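A short worksheet on the structure shown next.
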Amino acid sequence: MLQLYNTLIRRIEPFKPLEDGKVGMYSCGPTVYNYVHLGNLRAYLFVDLLKRYLRYSGFEVKHVMNITDIDDKTIKGSQEAGKPLKEFTEFYFQAFLQDLESLNMVKPDVIAKATEHIEEIVNMIKRLEQNGYSYEINKSTYFRIAKFKNYGKLARLEKQSFKRDAEGRNIKDEYGKEEANDFALWKAWEPEHGDIYWDTEIGKGHPGWHIECSAMSTKYLGETFDIHTGGIDLIFPHHTNEIAQSEGATGKKFVNYWLHNGFLVVDGQKMSKSLHNFYTLRNIQEKGYNSLLVRLILLKTHYRQQLNFTFQGFNEAETIVAKFLDFLINLDFVENEKGNEVQIGSLIEESRNEFKKGMDDDLNISEALAAIFNFINEINKVIKSLNTKQAQKIKDYILEIDSVLGFIKLFYRQHQERLKELTNDSAVKELLAKRVEARKNKDYESADKLREELLKKGIIVNDVQGGYKVRLINVVENAN
Ligand code: AMP
Ligand code: ZN
(Lines give C-alpha, C1' and ligand atoms only; values in the text may rest on other atoms or scores of the structure.)
(Ligands and ions follow the chains in the order given, each with its own letter.)
Protein backbone atom coordinates (compact mmCIF):
# COMPACT_ATOMS: atom_id res chain seq x y z
CA MET A 1 0.00 0.00 0.00
CA LEU A 2 1.20 3.48 -0.87
CA GLN A 3 2.61 5.45 2.05
CA LEU A 4 3.36 9.15 1.81
CA TYR A 5 5.14 11.64 4.02
CA ASN A 6 2.56 14.16 5.19
CA THR A 7 4.03 17.49 6.30
CA LEU A 8 0.93 18.05 8.43
CA ILE A 9 1.94 15.25 10.81
CA ARG A 10 5.64 15.13 9.88
CA ARG A 11 5.65 11.41 9.20
CA ILE A 12 4.88 8.75 6.65
CA GLU A 13 1.34 7.39 6.69
CA PRO A 14 -0.79 5.15 4.47
CA PHE A 15 -2.45 7.04 1.66
CA LYS A 16 -6.24 6.81 1.65
CA PRO A 17 -8.13 9.10 -0.68
CA LEU A 18 -11.50 10.57 0.24
CA GLU A 19 -13.17 8.51 -2.44
CA ASP A 20 -11.97 4.97 -3.16
CA GLY A 21 -9.80 4.83 -6.26
CA LYS A 22 -9.94 8.57 -6.96
CA VAL A 23 -7.43 11.28 -6.13
CA GLY A 24 -7.81 15.05 -6.19
CA MET A 25 -4.44 16.77 -6.28
CA TYR A 26 -3.41 20.42 -6.44
CA SER A 27 0.04 21.85 -7.16
CA CYS A 28 1.18 25.41 -6.80
CA GLY A 29 2.38 26.39 -10.25
CA PRO A 30 4.70 29.10 -11.53
CA THR A 31 4.47 32.86 -11.46
CA VAL A 32 4.74 33.64 -15.14
CA TYR A 33 6.99 36.70 -15.12
CA ASN A 34 10.10 34.84 -16.29
CA TYR A 35 11.29 31.40 -17.41
CA VAL A 36 11.08 28.79 -14.68
CA HIS A 37 14.42 27.43 -13.46
CA LEU A 38 15.53 23.87 -12.72
CA GLY A 39 14.61 24.28 -9.04
CA ASN A 40 11.01 25.02 -10.00
CA LEU A 41 11.11 22.14 -12.45
CA ARG A 42 12.17 19.80 -9.67
CA ALA A 43 8.92 20.68 -7.88
CA TYR A 44 6.86 19.89 -10.98
CA LEU A 45 8.78 16.73 -11.80
CA PHE A 46 8.18 15.38 -8.33
CA VAL A 47 4.45 15.90 -8.88
CA ASP A 48 4.71 14.26 -12.29
CA LEU A 49 6.30 11.17 -10.74
CA LEU A 50 3.67 11.07 -8.01
CA LYS A 51 0.82 11.46 -10.47
CA ARG A 52 2.21 8.83 -12.86
CA TYR A 53 2.71 6.41 -9.99
CA LEU A 54 -0.78 7.00 -8.61
CA ARG A 55 -2.17 6.25 -12.07
CA TYR A 56 0.07 3.21 -12.43
CA SER A 57 -1.31 2.01 -9.09
CA GLY A 58 -4.84 2.22 -10.48
CA PHE A 59 -6.03 5.56 -9.10
CA GLU A 60 -8.01 7.96 -11.20
CA VAL A 61 -6.23 11.27 -10.67
CA LYS A 62 -7.51 14.78 -11.21
CA HIS A 63 -4.55 17.13 -11.13
CA VAL A 64 -4.97 20.89 -10.94
CA MET A 65 -2.19 23.46 -11.22
CA ASN A 66 -2.48 27.20 -10.90
CA ILE A 67 -0.67 29.82 -12.92
CA THR A 68 0.03 33.06 -11.07
CA ASP A 69 -0.46 35.60 -13.83
CA ILE A 70 -1.25 38.53 -11.56
CA ASP A 71 0.86 39.69 -8.64
CA ASP A 72 3.41 42.42 -7.94
CA LYS A 73 6.12 40.66 -10.00
CA THR A 74 3.97 40.18 -13.10
CA ILE A 75 2.68 43.76 -12.88
CA LYS A 76 6.21 45.12 -12.58
CA GLY A 77 7.51 42.82 -15.33
CA SER A 78 4.81 43.80 -17.80
CA GLN A 79 5.36 47.49 -17.13
CA GLU A 80 9.11 47.19 -17.57
CA ALA A 81 8.56 45.30 -20.82
CA GLY A 82 6.02 47.89 -21.92
CA LYS A 83 3.51 45.16 -22.68
CA PRO A 84 -0.05 44.51 -21.56
CA LEU A 85 -0.11 42.10 -18.60
CA LYS A 86 -1.91 39.40 -20.58
CA GLU A 87 0.59 39.48 -23.44
CA PHE A 88 3.55 39.54 -21.06
CA THR A 89 2.41 36.58 -18.94
CA GLU A 90 1.18 34.54 -21.92
CA PHE A 91 4.71 34.41 -23.31
CA TYR A 92 6.14 32.86 -20.14
CA PHE A 93 3.11 30.64 -19.74
CA GLN A 94 3.74 29.16 -23.20
CA ALA A 95 7.44 28.76 -22.36
CA PHE A 96 6.41 26.87 -19.22
CA LEU A 97 4.19 24.53 -21.25
CA GLN A 98 7.15 23.86 -23.54
CA ASP A 99 9.30 22.99 -20.54
CA LEU A 100 6.67 20.53 -19.31
CA GLU A 101 6.72 18.92 -22.73
CA SER A 102 10.53 18.87 -23.02
CA LEU A 103 10.69 16.99 -19.74
CA ASN A 104 7.87 14.67 -20.76
CA MET A 105 5.62 15.74 -17.91
CA VAL A 106 1.98 14.78 -18.11
CA LYS A 107 0.04 18.01 -18.39
CA PRO A 108 -2.20 18.79 -15.42
CA ASP A 109 -5.88 18.09 -16.13
CA VAL A 110 -6.72 21.66 -15.22
CA ILE A 111 -4.32 24.57 -15.59
CA ALA A 112 -5.99 27.48 -13.87
CA LYS A 113 -4.93 31.09 -14.33
CA ALA A 114 -5.62 33.50 -11.50
CA THR A 115 -6.84 36.23 -13.86
CA GLU A 116 -9.54 33.89 -15.16
CA HIS A 117 -10.87 33.24 -11.66
CA ILE A 118 -11.39 36.70 -10.22
CA GLU A 119 -15.06 35.94 -9.55
CA GLU A 120 -14.26 32.83 -7.49
CA ILE A 121 -11.56 34.75 -5.64
CA VAL A 122 -13.92 37.62 -4.81
CA ASN A 123 -16.58 35.17 -3.65
CA MET A 124 -14.18 33.48 -1.29
CA ILE A 125 -13.05 36.81 0.14
CA LYS A 126 -16.72 37.67 0.71
CA ARG A 127 -17.21 34.39 2.56
CA LEU A 128 -14.22 35.19 4.75
CA GLU A 129 -15.66 38.61 5.44
CA GLN A 130 -19.01 37.07 6.46
CA ASN A 131 -17.21 34.69 8.81
CA GLY A 132 -15.28 37.54 10.44
CA TYR A 133 -11.87 36.56 9.07
CA SER A 134 -11.12 39.75 7.20
CA TYR A 135 -10.89 43.50 7.63
CA GLU A 136 -10.25 46.43 5.38
CA ILE A 137 -7.56 49.09 5.50
CA ASN A 138 -7.35 51.76 2.81
CA LYS A 139 -9.60 49.69 0.54
CA SER A 140 -7.33 46.62 0.75
CA THR A 141 -8.66 43.50 2.48
CA TYR A 142 -6.54 41.52 4.94
CA PHE A 143 -6.88 38.14 6.59
CA ARG A 144 -7.10 38.32 10.39
CA ILE A 145 -4.93 35.45 11.55
CA ALA A 146 -5.77 36.00 15.25
CA LYS A 147 -9.28 34.79 14.46
CA PHE A 148 -8.11 31.49 12.96
CA LYS A 149 -7.26 29.28 15.89
CA ASN A 150 -5.16 26.70 14.06
CA TYR A 151 -3.06 29.27 12.25
CA GLY A 152 0.47 28.01 11.61
CA LYS A 153 -0.22 24.34 12.39
CA LEU A 154 1.28 23.09 9.13
CA ALA A 155 4.46 25.11 9.66
CA ARG A 156 4.45 24.35 13.42
CA LEU A 157 4.67 28.02 14.23
CA GLU A 158 4.55 29.12 17.83
CA LYS A 159 1.65 31.53 17.85
CA GLN A 160 3.20 33.85 20.41
CA SER A 161 6.28 34.28 18.27
CA PHE A 162 4.52 36.31 15.66
CA LYS A 163 1.35 37.53 17.36
CA ARG A 164 2.65 39.88 19.96
CA ASP A 165 5.79 41.71 20.85
CA ALA A 166 7.82 41.10 24.03
CA GLU A 167 5.49 43.19 26.17
CA GLY A 168 2.49 41.31 24.94
CA ARG A 169 1.15 44.14 22.84
CA ASN A 170 -0.21 43.55 19.39
CA ILE A 171 2.34 44.38 16.77
CA LYS A 172 1.11 47.04 14.39
CA ASP A 173 2.98 46.91 11.15
CA GLU A 174 3.75 49.65 8.71
CA TYR A 175 0.52 49.21 6.80
CA GLY A 176 -1.58 49.48 9.95
CA LYS A 177 -2.50 45.80 9.84
CA GLU A 178 -3.77 44.37 13.12
CA GLU A 179 -0.88 41.90 13.20
CA ALA A 180 2.32 41.78 11.24
CA ASN A 181 1.52 38.40 9.66
CA ASP A 182 -1.95 39.37 8.51
CA PHE A 183 -1.79 39.12 4.77
CA ALA A 184 -3.57 40.75 1.85
CA LEU A 185 -6.53 38.97 0.31
CA TRP A 186 -7.26 41.88 -2.01
CA LYS A 187 -4.88 44.70 -2.87
CA ALA A 188 -6.46 48.07 -3.61
CA TRP A 189 -5.54 49.77 -6.86
CA GLU A 190 -2.74 52.29 -6.68
CA PRO A 191 -1.56 54.62 -9.43
CA GLU A 192 1.57 52.52 -9.93
CA HIS A 193 -0.63 49.60 -11.04
CA GLY A 194 -1.67 51.62 -14.08
CA ASP A 195 -4.45 49.92 -16.02
CA ILE A 196 -4.07 46.62 -14.21
CA TYR A 197 -7.09 46.22 -11.96
CA TRP A 198 -10.48 44.57 -11.63
CA ASP A 199 -13.55 46.50 -10.56
CA THR A 200 -15.38 44.20 -8.17
CA GLU A 201 -17.83 44.18 -5.27
CA ILE A 202 -14.92 44.29 -2.86
CA GLY A 203 -13.30 47.21 -4.62
CA LYS A 204 -10.97 48.10 -7.44
CA GLY A 205 -7.66 46.23 -7.37
CA HIS A 206 -6.16 42.78 -7.73
CA PRO A 207 -6.03 39.62 -5.61
CA GLY A 208 -3.27 38.79 -3.14
CA TRP A 209 -1.15 35.78 -4.04
CA HIS A 210 -2.43 33.21 -1.50
CA ILE A 211 -6.15 33.51 -2.19
CA GLU A 212 -5.95 32.29 -5.79
CA CYS A 213 -4.87 28.81 -4.73
CA SER A 214 -7.66 28.52 -2.16
CA ALA A 215 -10.30 29.72 -4.60
CA MET A 216 -9.18 27.67 -7.59
CA SER A 217 -8.46 24.42 -5.74
CA THR A 218 -11.94 24.58 -4.19
CA LYS A 219 -13.53 25.26 -7.55
CA TYR A 220 -11.97 22.23 -9.24
CA LEU A 221 -11.44 19.76 -6.40
CA GLY A 222 -14.04 20.65 -3.78
CA GLU A 223 -13.74 22.12 -0.29
CA THR A 224 -11.74 19.16 0.98
CA PHE A 225 -9.39 17.22 -1.25
CA ASP A 226 -6.60 14.66 -1.04
CA ILE A 227 -3.16 16.00 -1.94
CA HIS A 228 -1.57 19.42 -2.13
CA THR A 229 2.05 19.84 -3.28
CA GLY A 230 4.80 22.44 -3.47
CA GLY A 231 8.40 23.04 -2.47
CA ILE A 232 9.27 23.28 1.22
CA ASP A 233 9.59 27.05 0.95
CA LEU A 234 5.83 27.19 0.41
CA ILE A 235 4.98 25.64 3.80
CA PHE A 236 5.15 29.10 5.27
CA PRO A 237 3.63 31.49 4.53
CA HIS A 238 1.87 30.34 1.35
CA HIS A 239 0.38 26.99 2.35
CA THR A 240 -0.16 28.13 5.92
CA ASN A 241 -2.24 30.98 4.53
CA GLU A 242 -4.07 28.79 2.06
CA ILE A 243 -5.24 26.61 4.95
CA ALA A 244 -6.36 29.65 6.95
CA GLN A 245 -8.32 31.05 4.01
CA SER A 246 -9.95 27.81 2.90
CA GLU A 247 -10.82 26.54 6.35
CA GLY A 248 -11.89 30.03 7.42
CA ALA A 249 -14.26 30.20 4.47
CA THR A 250 -15.66 26.66 4.52
CA GLY A 251 -15.24 25.52 8.13
CA LYS A 252 -13.97 22.20 6.73
CA LYS A 253 -10.57 20.55 6.62
CA PHE A 254 -8.86 21.82 3.48
CA VAL A 255 -6.37 19.10 2.51
CA ASN A 256 -5.57 15.65 3.89
CA TYR A 257 -2.01 15.16 2.59
CA TRP A 258 0.51 17.96 2.26
CA LEU A 259 3.55 16.88 0.23
CA HIS A 260 6.65 19.05 -0.12
CA ASN A 261 9.80 18.59 -2.17
CA GLY A 262 13.27 19.55 -0.99
CA PHE A 263 15.41 22.16 -2.67
CA LEU A 264 17.63 21.94 -5.68
CA VAL A 265 20.77 23.72 -4.53
CA VAL A 266 23.93 25.06 -6.15
CA ASP A 267 27.00 25.02 -3.90
CA GLY A 268 24.76 24.62 -0.87
CA GLN A 269 22.42 27.49 -1.74
CA LYS A 270 18.84 27.18 -2.95
CA MET A 271 18.63 27.67 -6.69
CA SER A 272 16.60 30.85 -7.03
CA LYS A 273 16.05 33.87 -9.19
CA SER A 274 17.06 36.25 -6.45
CA LEU A 275 20.46 34.60 -5.90
CA HIS A 276 21.12 34.52 -9.67
CA ASN A 277 22.42 30.98 -9.34
CA PHE A 278 19.82 29.41 -11.57
CA TYR A 279 19.68 27.62 -14.91
CA THR A 280 16.63 27.42 -17.10
CA LEU A 281 15.98 24.50 -19.41
CA ARG A 282 16.89 26.84 -22.28
CA ASN A 283 20.32 27.46 -20.73
CA ILE A 284 20.84 23.70 -20.60
CA GLN A 285 19.77 23.23 -24.20
CA GLU A 286 22.01 26.10 -25.35
CA LYS A 287 24.97 24.36 -23.77
CA GLY A 288 24.18 21.35 -25.94
CA TYR A 289 23.03 19.01 -23.19
CA ASN A 290 20.18 16.67 -23.88
CA SER A 291 17.44 18.35 -21.85
CA LEU A 292 15.56 15.12 -21.29
CA LEU A 293 18.48 14.08 -19.07
CA VAL A 294 17.30 16.79 -16.67
CA ARG A 295 14.24 14.65 -16.01
CA LEU A 296 16.38 11.80 -14.76
CA ILE A 297 18.84 14.04 -12.90
CA LEU A 298 16.03 15.64 -10.93
CA LEU A 299 14.02 12.46 -10.39
CA LYS A 300 16.68 10.01 -9.32
CA THR A 301 17.18 11.63 -5.93
CA HIS A 302 14.35 11.17 -3.46
CA TYR A 303 12.02 14.16 -3.68
CA ARG A 304 12.40 15.18 -0.03
CA GLN A 305 16.20 15.18 -0.08
CA GLN A 306 18.19 18.25 -0.92
CA LEU A 307 19.78 17.81 -4.34
CA ASN A 308 22.97 19.50 -5.47
CA PHE A 309 22.97 20.52 -9.12
CA THR A 310 26.21 19.95 -11.07
CA PHE A 311 26.96 19.42 -14.74
CA GLN A 312 28.64 16.16 -13.74
CA GLY A 313 25.08 14.97 -13.17
CA PHE A 314 24.58 14.82 -16.95
CA ASN A 315 27.29 12.17 -17.29
CA GLU A 316 25.81 10.07 -14.53
CA ALA A 317 22.33 10.30 -15.98
CA GLU A 318 23.66 9.48 -19.44
CA THR A 319 25.25 6.29 -18.11
CA ILE A 320 21.91 5.21 -16.64
CA VAL A 321 20.00 5.93 -19.83
CA ALA A 322 22.63 4.10 -21.89
CA LYS A 323 22.16 1.05 -19.67
CA PHE A 324 18.44 1.01 -20.41
CA LEU A 325 18.95 1.61 -24.14
CA ASP A 326 21.67 -1.00 -24.53
CA PHE A 327 19.31 -3.43 -22.88
CA LEU A 328 16.37 -2.63 -25.15
CA ILE A 329 18.54 -2.69 -28.27
CA ASN A 330 20.05 -6.04 -27.27
CA LEU A 331 16.51 -7.35 -26.92
CA ASP A 332 15.77 -6.07 -30.44
CA PHE A 333 18.68 -8.18 -31.65
CA VAL A 334 17.26 -11.40 -30.21
CA GLU A 335 16.23 -13.63 -33.11
CA ASN A 336 16.05 -17.07 -31.62
CA GLU A 337 12.62 -18.77 -31.75
CA LYS A 338 13.46 -21.86 -29.68
CA GLY A 339 11.98 -22.67 -26.31
CA ASN A 340 14.10 -22.65 -23.14
CA GLU A 341 14.00 -22.99 -19.38
CA VAL A 342 14.15 -19.28 -18.45
CA GLN A 343 11.13 -18.26 -16.35
CA ILE A 344 10.60 -14.76 -17.70
CA GLY A 345 7.13 -14.39 -16.17
CA SER A 346 8.32 -14.89 -12.62
CA LEU A 347 11.41 -12.71 -13.08
CA ILE A 348 9.17 -9.88 -14.26
CA GLU A 349 6.72 -10.44 -11.44
CA GLU A 350 9.50 -10.35 -8.86
CA SER A 351 10.96 -7.17 -10.32
CA ARG A 352 7.57 -5.47 -10.52
CA ASN A 353 6.90 -6.26 -6.87
CA GLU A 354 10.26 -4.79 -5.87
CA PHE A 355 9.65 -1.71 -7.98
CA LYS A 356 6.26 -1.17 -6.36
CA LYS A 357 7.64 -1.81 -2.90
CA GLY A 358 10.15 1.01 -3.41
CA MET A 359 7.66 3.44 -4.88
CA ASP A 360 5.03 2.62 -2.24
CA ASP A 361 7.53 3.71 0.37
CA ASP A 362 7.03 7.46 -0.12
CA LEU A 363 8.28 7.22 -3.72
CA ASN A 364 11.64 5.70 -2.87
CA ILE A 365 13.01 6.05 -6.37
CA SER A 366 16.46 4.61 -5.59
CA GLU A 367 14.93 1.33 -4.47
CA ALA A 368 12.57 1.31 -7.42
CA LEU A 369 15.42 1.87 -9.88
CA ALA A 370 17.56 -0.72 -8.13
CA ALA A 371 14.78 -3.25 -8.68
CA ILE A 372 14.91 -2.58 -12.42
CA PHE A 373 18.70 -2.68 -12.60
CA ASN A 374 18.75 -6.01 -10.78
CA PHE A 375 16.26 -7.29 -13.29
CA ILE A 376 18.37 -6.06 -16.22
CA ASN A 377 21.46 -7.74 -14.74
CA GLU A 378 19.59 -11.02 -14.28
CA ILE A 379 18.26 -10.97 -17.83
CA ASN A 380 21.65 -10.04 -19.28
CA LYS A 381 23.03 -13.28 -17.83
CA VAL A 382 20.63 -15.32 -19.96
CA ILE A 383 20.01 -13.00 -22.88
CA LYS A 384 21.82 -15.31 -25.33
CA SER A 385 19.29 -18.08 -24.75
CA LEU A 386 16.16 -15.94 -24.91
CA ASN A 387 13.68 -16.20 -27.74
CA THR A 388 11.84 -13.36 -29.48
CA LYS A 389 8.61 -13.86 -27.50
CA GLN A 390 10.49 -13.57 -24.22
CA ALA A 391 12.38 -10.53 -25.48
CA GLN A 392 9.08 -8.88 -26.34
CA LYS A 393 7.67 -9.61 -22.87
CA ILE A 394 10.71 -8.04 -21.27
CA LYS A 395 10.47 -4.98 -23.47
CA ASP A 396 6.79 -4.62 -22.61
CA TYR A 397 7.67 -4.73 -18.93
CA ILE A 398 10.33 -2.01 -19.28
CA LEU A 399 7.84 0.16 -21.14
CA GLU A 400 5.25 -0.52 -18.43
CA ILE A 401 7.69 0.79 -15.83
CA ASP A 402 8.41 3.72 -18.10
CA SER A 403 4.80 4.85 -17.77
CA VAL A 404 6.04 5.92 -14.31
CA LEU A 405 9.64 6.93 -15.06
CA GLY A 406 8.84 8.70 -18.30
CA PHE A 407 12.18 8.82 -20.09
CA ILE A 408 13.14 5.38 -21.48
CA LYS A 409 10.74 5.28 -24.40
CA LEU A 410 11.63 8.81 -25.47
CA PHE A 411 15.37 8.18 -25.39
CA TYR A 412 14.81 4.95 -27.29
CA ARG A 413 12.85 6.88 -29.90
CA GLN A 414 15.60 9.52 -30.10
CA HIS A 415 18.11 6.73 -30.77
CA GLN A 416 15.97 5.19 -33.50
CA GLU A 417 15.46 8.54 -35.19
CA ARG A 418 19.15 9.43 -35.15
CA LEU A 419 19.99 5.97 -36.42
CA LYS A 420 17.48 6.27 -39.24
CA GLU A 421 18.86 9.64 -40.23
CA LEU A 422 22.41 8.33 -40.26
CA THR A 423 21.63 5.16 -42.20
CA ASN A 424 19.83 7.25 -44.80
CA ASP A 425 23.06 9.05 -45.49
CA SER A 426 24.21 7.96 -48.95
CA ALA A 427 27.82 7.22 -47.88
CA VAL A 428 26.58 5.02 -45.03
CA LYS A 429 24.08 3.30 -47.30
CA GLU A 430 26.87 2.50 -49.72
CA LEU A 431 29.11 1.05 -47.00
CA LEU A 432 26.25 -1.13 -45.75
CA ALA A 433 25.44 -2.34 -49.26
CA LYS A 434 29.07 -3.10 -50.02
CA ARG A 435 29.29 -5.08 -46.81
CA VAL A 436 26.27 -7.20 -47.72
CA GLU A 437 27.86 -7.84 -51.07
CA ALA A 438 31.22 -8.77 -49.49
CA ARG A 439 29.55 -11.24 -47.14
CA LYS A 440 27.59 -12.74 -49.97
CA ASN A 441 30.91 -13.37 -51.74
CA LYS A 442 32.35 -14.75 -48.51
CA ASP A 443 34.93 -11.93 -48.57
CA TYR A 444 35.04 -11.63 -44.78
CA GLU A 445 38.19 -9.53 -44.78
CA SER A 446 36.49 -6.74 -46.74
CA ALA A 447 33.37 -7.14 -44.65
CA ASP A 448 35.41 -6.55 -41.48
CA LYS A 449 37.08 -3.50 -42.97
CA LEU A 450 33.69 -2.08 -43.88
CA ARG A 451 32.51 -2.76 -40.34
CA GLU A 452 35.45 -0.63 -39.13
CA GLU A 453 34.48 2.18 -41.51
CA LEU A 454 30.94 2.12 -40.19
CA LEU A 455 32.18 2.15 -36.62
CA LYS A 456 34.07 5.34 -37.39
CA LYS A 457 30.74 6.83 -38.42
CA GLY A 458 29.24 5.82 -35.07
CA ILE A 459 27.37 2.75 -36.29
CA ILE A 460 27.66 -0.78 -34.96
CA VAL A 461 26.61 -3.56 -37.34
CA ASN A 462 25.53 -6.96 -36.09
CA ASP A 463 24.97 -9.80 -38.48
CA VAL A 464 21.80 -11.72 -37.89
CA GLN A 465 20.07 -14.49 -39.74
CA GLY A 466 19.22 -13.28 -43.21
CA GLY A 467 20.76 -9.83 -42.80
CA TYR A 468 22.09 -7.35 -40.28
CA LYS A 469 20.95 -4.98 -37.55
CA VAL A 470 22.44 -1.61 -36.73
CA ARG A 471 22.71 0.61 -33.68
CA LEU A 472 24.61 3.70 -32.64
CA ILE A 473 27.75 3.67 -30.49
CA ASN A 474 26.55 6.68 -28.55
CA VAL A 475 23.04 5.63 -27.68
CA VAL A 476 22.34 8.98 -25.97
CA GLU A 477 22.92 12.25 -27.78
CA ASN A 478 24.54 14.65 -25.34
CA ALA A 479 27.06 17.47 -25.33
CA ASN A 480 29.95 15.62 -23.74
P1 AMP B 1 7.79 29.98 -7.22
O2 AMP B 1 7.63 30.39 -8.66
O3 AMP B 1 8.94 30.60 -6.54
O4 AMP B 1 6.50 30.10 -6.44
O5 AMP B 1 8.15 28.43 -7.24
C6 AMP B 1 7.37 27.47 -7.91
C7 AMP B 1 7.61 26.12 -7.28
O8 AMP B 1 9.00 25.79 -7.33
C9 AMP B 1 7.25 26.06 -5.79
O10 AMP B 1 6.66 24.82 -5.51
C11 AMP B 1 8.58 26.22 -5.10
O12 AMP B 1 8.55 25.68 -3.82
C13 AMP B 1 9.47 25.45 -6.03
N14 AMP B 1 10.89 25.83 -5.94
C15 AMP B 1 11.43 27.05 -6.08
N16 AMP B 1 12.78 27.01 -5.99
C17 AMP B 1 13.11 25.71 -5.78
C18 AMP B 1 14.36 25.00 -5.61
N19 AMP B 1 15.53 25.61 -5.66
N20 AMP B 1 14.30 23.67 -5.43
C21 AMP B 1 13.12 23.01 -5.42
N22 AMP B 1 11.93 23.60 -5.56
C23 AMP B 1 11.91 24.94 -5.74
ZN1 ZN C 1 -0.42 27.89 -4.09
Taking the Cα atoms of region 5-73 alone, what are Rg (to one decimal) and Dmax (as a whole number) in Å?
14.4, 41
Per the helix-only calculation at 222 nm, which mean residue ellipticity applies to the chain, given -39500 (n - 2.57) for every DSSP H run of n ≥ 4 and division by its residues, nearest 500 deg cm²/dmol?
-15000 deg cm²/dmol
What are the chymotrypsin sites (Phe, Trp or Tyr not before Pro) within region 311-361 that DSSP puts in a loop, where the Cβ has at most 16 other Cβ atoms within 10 Å?
Phe311, Phe333
Under-5 Å amide H pairs with Leu472, H placed in peptide plane, nonlocal only
Ile460
Rounded to the nearest 20 debye, dipole of the chain from Cβ charges on Lys, Arg, Asp, Glu
760
Amide H of Ser134: which non-local residues (sequence gap of 5 or more, or other chain) have their own amide H closer than 5 Å, using H built in the peptide plane?
Arg144
Return the sequence-ordered ³J(HN,Hα) values of region 468-474 in whole Hz as given by the Karplus equation 6.51 cos²θ - 1.76 cosθ + 1.60 applied to θ = phi - 60°, using x for Gly and Pro.
8, 10, 10, 8, 8, 5, 8
Please state the Cα pair-distance histogram of region 356-438 with 5 angstrom bins from zero: what percent is in each bin?
3, 11, 14, 16, 15, 14, 12, 7, 4, 3, 1, 0
Projected onto the charge dipole of region 277-337 (unit charges on the beta-carbon of Lys, Arg, Asp and Glu, signs +1, +1, -1, -1), the Cα from Leu292, Leu328, Thr310 with the largest positive-side position is that of Thr310
Go from 0 up to the bin containing the longest alpha carbon distance in region 416-465, width 10 Å each, and give me the % of pairs per bin.
26, 57, 17, 0
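May I ask you to rank Asp182, Asp195 by accessible area, largest first, using a 1.4 Å probe over the protein chains only?
Details: Asp182 5, Asp195 130 Å².
In descending accessible area the options line up as Asp195, Asp182.
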Per-residue HN-Hα couplings for region 6-19, Karplus 6.51 cos²θ - 1.76 cosθ + 1.60 at θ = phi - 60°, whole Hz, x for Gly and Pro?
9, 4, 4, 10, 6, 7, 7, 9, x, 8, 10, x, 4, 10
Which length gain, in nm to one decimal place, applies between Glu116 and Arg418 when the Cα-Cα distance is subtracted from 0.36 nm times their residue separation?
104.5 nm
What residues qualify as long-range amide H neighbours of Ser140, i.e. H under 5 Å apart, gap of 5 or more or another chain, H built at 1.01 Å from N?
Ala188
What is the log10 of I(q)/I(0) for region 232-323, computed with the Debye formula using one identical point scatterer on each Cα and no solvent, at q = 0.14, 0.15, 0.26 Å⁻¹?
-0.66, -0.72, -1.36
Per 0.36 nm of contour for each residue apart, how much would the distance between Ala433 and Lys204 grow if the chain were fully extended, relative to their Cα-Cα spacing?
74.9 nm
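For the chain, report the accessible area per residue in Å² (1.4 Å probe, heavy atoms, rounded to an integer).
On the way: 22550 Å² over 480 residues.
Here the residues of the chain average 47 Å² of exposed surface.
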Once Ser346 and Thr388 are pulled to full extension, the length gained, defined as 0.36 nm per residue separation minus their Cα-Cα distance, is 13.4 nm
Karplus ³J(HN,Hα) for region 199-208 (6.51 cos²θ - 1.76 cosθ + 1.60, θ = phi - 60°; Hz, whole; x = Gly/Pro) runs 8, 10, 4, 9, x, 9, x, 9, x, x
Expected field for Lys219, accessible surface area in Å² at 1.4 Å probe radius, rounded to 10, holds 100
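For the chain, compute Rh as the Kirkwood radius over C-alpha pairs and then the Stokes-Einstein diffusion coefficient at 4 °C and 1.567 mPa s; write the answer in µm²/s, rounded to an integer. Display every interim value, and only then the final one.
Values: Rh = 25.6 Å.
Approximately 51 µm²/s, per Stokes-Einstein.
The values are calculated or read from the model by the stated rules, or taken from the named source; none is laboratory data. Quick caveat, the model's predicted, so the values are computed rather than measured. Reconstructed Cβ throughout: ideal geometry from the backbone, glycine too, with neighbour counts over all protein chains shown. Quick note on the areas: whole protein, heavy atoms, side chains included, nothing else; ligands and nucleic acids left out. Shrake-Rupley method; radii C 1.70, N 1.55, O 1.52, S 1.80 Å.
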